[in-house]
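Below is one structure, written out as structure tokens; comments come after it.
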Amino acid sequence: MILTRRMLLAASAASLAMPAFADTTAAPAAPTADSLQDIAIGDANAKVTIDEFLSFTCPHCANFHNNFYAKLKADYIDTGKVRLVYHEVYFDQLGLLGAMMARCGGDMRYFGITDMMYEKQRDWAGAPDVATAVAELSKIGVAAGMAQADIDKCLRDQPMAEALVARYQAAIAKYFPNDSFQGTPSFLVNGVVNKDIHEGMQYADLQKILDAELAK
């Protein structure tokens, strides 16, 4: 499901949950889909690149991350064998706000915030309303060392929201042509869609896939 412009506008409702504040600093240039970068971890020259398409509100993505990410990082990413690239997918308003929260702290905090958001997914993604969800996301940002004012400004950044959605739409069209995208999490290994990678697999089976690619 691709977020429409009308659905995107709903993200601005999050600003109603936060107090207004004065910002006297000069506004930077508005981000565009082309100016944004996908967040990656691992050696840029790694032999294997995994592209993961994920949603922060997706429980299957949370299960995959919570069960495999730490092992994958220790065994393959930190050893220079694999580079992991995240492509955020926005099924809903909260998924978009979650992605904005993950990016609020910059690249250095992104994966740490991702860890916390997936660990506490029920608290914020399962919140009864947007205001509560924003409050829970703010707690995560504060725990990651961010100032509340910076979090508020980040989650109210409508140009950023629009640019993220445009980038997401372009990525889905590029990597999954002819409406072939089937949901999250989805994976490409060295540019090829791999449907054998999924949340219910065993880590040993994931290792076999990666080791076979490394052996080529």
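The values are calculated or read from the model by the stated rules, or taken from the named source; none is laboratory data. Since this is a predicted model, take the numbers as computed values, not measurements. Here the Cβ positions follow ideal geometry from the backbone for every residue, glycine too, while neighbour counts run over all protein chains shown.
What to note about this one:
- Just so you know, in region 69-97 the residues that are of a type in the set (G, A, S) and in a helix (DSSP H, G or I) include one that is farthest from D150 (Cα to Cα), and it is A74.
- Scanning region 67-104 for residues that are in contact with a helix residue (DSSP H, G or I) (Cβ under 7 Å, 6 or more places away or on another chain), of a type in the set (S, T, Y) and farther than 20 Å from Q202 by Cα yields a total of 1.
- A149 meets the conditions (1) out of contact with any Lys or Arg (no Cβ under 7 Å at 6 or more places or on another chain); (2) under 24 Å from I41 (Cα atoms); (3) hydrophobic (A, V, I, L, M, F, W, C) in every case but one. The failed one is (2).
- Of everything in region 43-96 that is of a type in the set (G, A, S) and over 21 Å from Y175 (Cα atoms), the residue that is farthest from the chain's Cα centre (by Cα) is G80.
- Any hit, region 81-102, residues being at pLDDT below 95, in contact with an Asp or Glu (Cβ under 9 Å, 6 or more places away or on another chain) and more than 17 Å from T57 (Cβ to Cβ): no
- Of the residues making up region 179-216, those that are under 21 Å from A74 (Cα atoms) and among the small types (G, A, S) are G200, A204, A212, A215.
- Residue within region 36-53 that is surrounded by 18 or more Cβ atoms within 10 Å (Cβ to Cβ) and at pLDDT below 95 present: yes
- Top-ranked residue in region 104-115 [being of a type outside the set (S, T, N, Q) and under 12 Å from the mean Cα position of the chain (by Cα); ranked as modelled with the lowest pLDDT]: D107
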